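Here's the structure we're looking at; comments come further down.
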Amino acid sequence: MFKKKTVARLVGFVLLFLIAVPSAKAQLLDPVKWQFATKKISDQEAVIFIKADIEDGWHLYSQHVNEGGPLPTVVVFTTSDDYLLQGKLLEPKPIVHFEEMFKMDVAFFENQVVFQQKIKLHKPTAQIKGIVKYMVCNDISCLQDEKSFAVTVK
Amino acid sequence: MMRLTQKIACTVLLLMSTVLLSYGQQTVRFEGTVTGPWEGYSIGLYNNVTGDRDSAIIENGKFVIERPFTIPTRHLFYSTYDTKVKGGYAPFGILVDKPGTIQIDLDIEKGFSESKVSGSAPHALYTGLMEELGAVRDDEQERAVRMKEWVEKNNESYAVVFVLDRFGGGIDVDTRATLFESLPQELKDLSEGKRVASKIMGDKSAAMGQVVKNFELKKPDDTSFNLESLKGKYVFIDFWASWCGPCIQEFPHIKEVYEAYQDKGFEVLGISTDKNKGAWLKALETHDMPWIQVRDNEGEEAIALSQFAVTVLPTSYLIDPEGRIIAKDLRGDALMEKIKEIFD
């Protein structure tokens, strides 16, 4: 499905994140670092990348978790005349474990995950805003948080 | 006579230019020098707090972005080289606390994170601290010590309130309060300062020895529960949620203590932070918790935030018959040990 060039770009994208941000791990508990980026793939199409760096031992949950267990990650995009969402927010294949406490399968990510949303542009330049609502757990605790973002496609 | 007119004219001109100059200085001007393959790329600035948004094309290896100065803040930068060649960008922040000119030396291939920024005092301080903290990355205590010393040395700078807001949670609450108190009022009044102050309040009211103020929350049958009604008992307050696995793992431990001591003056209060009432009720059915259950308010009304410093779940407090906090986060067998110590 992915063309070679796209893959190469994606690799570049991930590499960029690895080098770009000086670590500032001073906060007591902030196990997920979010980063947002955009990539134009044609005159009228772009992809929004939503990347989470997850500290060792913590789980960030998939968008697809059944009720009665951990809360799924939810991304809400602010609607705008400048663009239209195309399809669903894509996520890589999560790790799935049966969790005894919830008596159900739970899908989550470790270390790092990049969500991708394809959009159709109605203007050459568009600003995309939204919010990620998420929770993370490790073996001893959980926390719930949200992160707003605004990115520009040019 | 002529001389005098000239003198007056000169004075007037001088005054006018001073006025004009000071008007001219109500902006923050970013002057960039760019090396590397910059042709055809531009630099963007944005700020989600102030709403600033601007960009400039790089010409002859230079760019200029000028923004009105409103409040001390952090502007974020990126280059279209990042978005087009590297496929994405991580915004680079520059702290700004007054009008003036800030120089940026940028190698467009290496990106902003490797750039040199001069002309902003708070930015220089912040960068210095981050380097220092980076060197002791894995030592949480040492980081807190270094941060404290840094704050004491620089407590007039906007960088300090920015850092306390972002990373200050690692410093114990009393020290943090003293540090915050030493800041000038104009820093305290910034939104960063207000956040620091409210976190200090929450952390303090949930400190050991503090008496928990009365609060009222709803039980599953929608009747009210008042903390006051438990006066005279030792109360274990357990913050949990239906979606929190580690919370559920604690229930058997709590139950063991509850069954052994509930008729001796010990009570358990479960406060769920579930936003979804249905999920809360279902979890109460699924898990065997024969003690008092209530659900917290949402948003700023949440007891978890205003009266307790709950940032993770589970979080628990043990309060004595006068409502004073005598222990925190007793997990696993620790609760049983503590209660034995009190009653046996």
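Within the range A:145-154, take every residue that is within 8 Å of chain B (Cβ to nearest Cβ) and not small (Gly, Ala, Ser) and give me the one that is surrounded by the most Cβ atoms within 10 Å (Cβ to Cβ).
Keep residues of the range A:145-154 that are within 8 Å of chain B (Cβ to nearest Cβ), which gives A:148, A:150, A:152, A:154.
Next, only the ones that are not small (Gly, Ala, Ser) stay: A:152, A:154.
Details: A:Thr152: 17, A:Lys154: 14.
Selected residue: A:Thr152.
Using the structure shown, decide if B:Gln293 is more than 13 Å from B:Phe236 (Cα to Cα) and under 33 Å from the mean Cα position of the chain (by Cα). First the steps, then the outcome.
Values: more than 13 Å from B:Phe236 (Cα to Cα): no; under 33 Å from the mean Cα position of the chain (by Cα): yes.
For B:Gln293, the condition - more than 13 Å from B:Phe236 (Cα to Cα) and under 33 Å from the mean Cα position of the chain (by Cα) - is not met.
Residues in the range B:295-322 that are in a loop (DSSP other than H, G, I, E, B) and of a type outside the set (Phe, Trp, Tyr): how many? Give the derivation first.
Our first condition is that a residue be in a loop (DSSP other than H, G, I, E, B); within the range B:295-322, this holds for B:296-298, B:302, B:307-312, B:314, B:320-322.
Now narrow it down to the ones that are of a type outside the set (Phe, Trp, Tyr): B:296-298, B:302, B:307, B:309-312, B:314, B:320-322.
Residues flagged as in a loop (DSSP other than H, G, I, E, B) and of a type outside the set (Phe, Trp, Tyr) within the range B:295-322 amount to 13.
Within the range B:91-124, which residues are in a helix (DSSP H, G or I) and over 19 Å from the mean Cα position of the chain (by Cα)? Before the answer, list the steps.
Taking the range B:91-124 as the starting set, the residues that turn out to be in a helix (DSSP H, G or I) are B:112-114, B:121-124.
Matches in the range B:91-124: B:Phe112, B:Ser113, B:Glu114, B:Ala121, B:Ala124.
Being without any contact (Cβ under 8 Å) to a residue 12 or more places away in the chain and either in contact with a His (Cβ under 7 Å, 6 or more places away or on another chain) or at positive phi (or both) is the filter here; which residues of the range B:278-327 pass it?
Within the range B:278-327, just B:Gly299 meets the criteria.
Considering each of B:Gly270, B:Gly202, B:Gly299, B:Gly209 in turn, give the residue that is over 18 Å from A:Leu71 (Cβ atoms) and within 14 Å of another protein chain (Cβ to nearest Cβ). Walk me through how you get there before you give the answer.
Working: B:Gly270 fails: within 14 Å of another protein chain (Cβ to nearest Cβ); B:Gly299 fails: over 18 Å from A:Leu71 (Cβ atoms); B:Gly209 fails: within 14 Å of another protein chain (Cβ to nearest Cβ).
Exactly one residue qualifies, and that residue is B:Gly202.
State whether one or more residues within the range B:273-280 are farther than 13 Å from B:Ile237 by Cβ, within 13 Å of another protein chain (Cβ to nearest Cβ), touching a strand residue (DSSP E or B) at 6+ places or on another chain (Cβ under 6 Å) and not in a loop (DSSP other than H, G, I, E, B).
yes
Could you please tell me which pairs satisfy a Cβ distance under 6 Å, a separation of 6+ or placement on different chains, a first residue in the range A:79-94 that is closer than 13 Å to A:Val153 by Cβ, and a second residue that is of a type in the set (Ser, Thr, Tyr) and surrounded by fewer than 11 Cβ atoms within 10 Å (Cβ to Cβ)?
none
Would you confirm whether or not the range B:127-139 contains a residue that is away from chain A (no Cβ under 14 Å), within 23 Å of the chain's Cα centre (by Cα) and either part of a strand (DSSP E or B) or polar (S, T, N, Q) (or both)? I'd like the intermediate steps shown before the answer.
So the first thing to find is which residues in the range B:127-139 are away from chain A (no Cβ under 14 Å), and the list is none.
Checking the range B:127-139: not a single residue is away from chain A (no Cβ under 14 Å), within 23 Å of the chain's Cα centre (by Cα) and either part of a strand (DSSP E or B) or polar (S, T, N, Q) (or both).
Could you please find all residues in the range A:130-144 being under 14 Å from the mean Cα position of the chain (by Cα) and facing chain B (nearest Cβ under 9 Å)? Give the derivation first.
Here is the first cut: in the range A:130-144, the residues under 14 Å from the mean Cα position of the chain (by Cα) are A:130-136.
Once the filter is applied, which keeps residues that are under 14 Å from the mean Cα position of the chain (by Cα) and facing chain B (nearest Cβ under 9 Å), the range A:130-144 yields only A:Met135.
Conditions tested, residue by residue: (1) within 20 Å of B:Ile248 (Cβ to Cβ); (2) of a type in the set (A, V, I, L, M, F, W, C).
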position	(1), (2)
A:His64	no, no
A:Pro72	yes, no
A:Leu89	no, yes
A:His97	yes, no
A:Met101	yes, yes
A:Glu110	no, no
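Can you find a residue in the range B:232-248 that is of a type in the set (S, T, N, Q), buried (at least 16 other Cβ atoms within 10 Å of the Cβ) and within 14 Å of another protein chain (Cβ to nearest Cβ)?
Keep residues of the range B:232-248 that are of a type in the set (S, T, N, Q), which gives B:242.
Then keep just the ones that are buried (at least 16 other Cβ atoms within 10 Å of the Cβ); that gives B:242.
Right, trim to within 14 Å of another protein chain (Cβ to nearest Cβ) and you get B:242.
Taking every residue of the range B:232-248 in turn, at least one turns out to be of a type in the set (S, T, N, Q), buried (at least 16 other Cβ atoms within 10 Å of the Cβ) and within 14 Å of another protein chain (Cβ to nearest Cβ).
Could you list, in sequence order, the residues of the range A:58-81 that are assigned to a loop (DSSP other than H, G, I, E, B) and more than 14 Å from chain B (Cβ to nearest Cβ)? Before the answer, list the steps.
Taking the range A:58-81 and keeping what is assigned to a loop (DSSP other than H, G, I, E, B), we get A:58, A:62-73, A:78-79, A:81.
Passing the criteria: A:Gln63, A:His64, A:Thr79, A:Asp81.
Could you tell me whether B:Val12 is surrounded by 15 or more Cβ atoms within 10 Å (Cβ to Cβ) and either modelled with pLDDT under 95 or in a loop (DSSP other than H, G, I, E, B) (or both)? Full working, then the answer.
Numbers: surrounded by 15 or more Cβ atoms within 10 Å (Cβ to Cβ): no; either modelled with pLDDT under 95 or in a loop (DSSP other than H, G, I, E, B) (or both): yes.
When the stated conditions are applied, B:Val12 does not pass them.
I'd like the full set of residues that are closer than 20 Å to B:Tyr258 by Cβ, within 14 Å of chain A (Cβ to nearest Cβ) and crowded, with 17+ Cβ neighbours inside 10 Å, limited to the range B:285-296.
Taking the range B:285-296 and keeping what is closer than 20 Å to B:Tyr258 by Cβ, we get B:285-295.
Add one more test, that the residue is within 14 Å of chain A (Cβ to nearest Cβ), and what stays is B:285-289.
Scanning the range B:285-296 gives a single hit, B:Met289.
Please pick out the residue among B:Lys110, B:Lys148 that is within 14 Å of chain A (Cβ to nearest Cβ), of a type in the set (D, E, K, R) and surrounded by 15 or more Cβ atoms within 10 Å (Cβ to Cβ).
Details: B:Lys110 fails: surrounded by 15 or more Cβ atoms within 10 Å (Cβ to Cβ).
After applying the criteria, what remains is B:Lys148.
Could you run through the range B:195-218 and say how many residues are charged (D, E, K, R) and within 10 Å of the chain's Cα centre (by Cα)? It would help to see each step written out before you state the result.
Here is the first cut: in the range B:195-218, the residues charged (D, E, K, R) are B:195, B:199, B:203-204, B:213, B:216, B:218.
Remaining after also requiring within 10 Å of the chain's Cα centre (by Cα): B:195, B:199.
Residues that pass the stated criteria total 2.
Does B:Ser182 satisfy the criteria of being closer than 30 Å to B:Leu269 by Cβ and over 13 Å from the mean Cα position of the chain (by Cα)? First the steps, then the outcome.
Details: closer than 30 Å to B:Leu269 by Cβ: no; over 13 Å from the mean Cα position of the chain (by Cα): yes.
When the stated conditions are applied, B:Ser182 does not pass them.
Being small (Gly, Ala, Ser) and away from chain B (no Cβ under 12 Å), is that true of even one residue in the range A:92-111? Let's see the steps before the verdict.
Our first condition is that a residue be small (Gly, Ala, Ser); within the range A:92-111, this holds for A:107.
If we keep only those that are away from chain B (no Cβ under 12 Å) too, we end up with A:107.
Yes, the conditions are met somewhere in the range A:92-111.
The values are calculated or read from the model by the stated rules, or taken from the named source; none is laboratory data. Just so it is clear, the structure is predicted and the values come from calculations on it, not from any experiment. Positions of Cβ are backbone-derived with ideal geometry, glycine not excepted, and every protein chain shown enters the neighbour counts.
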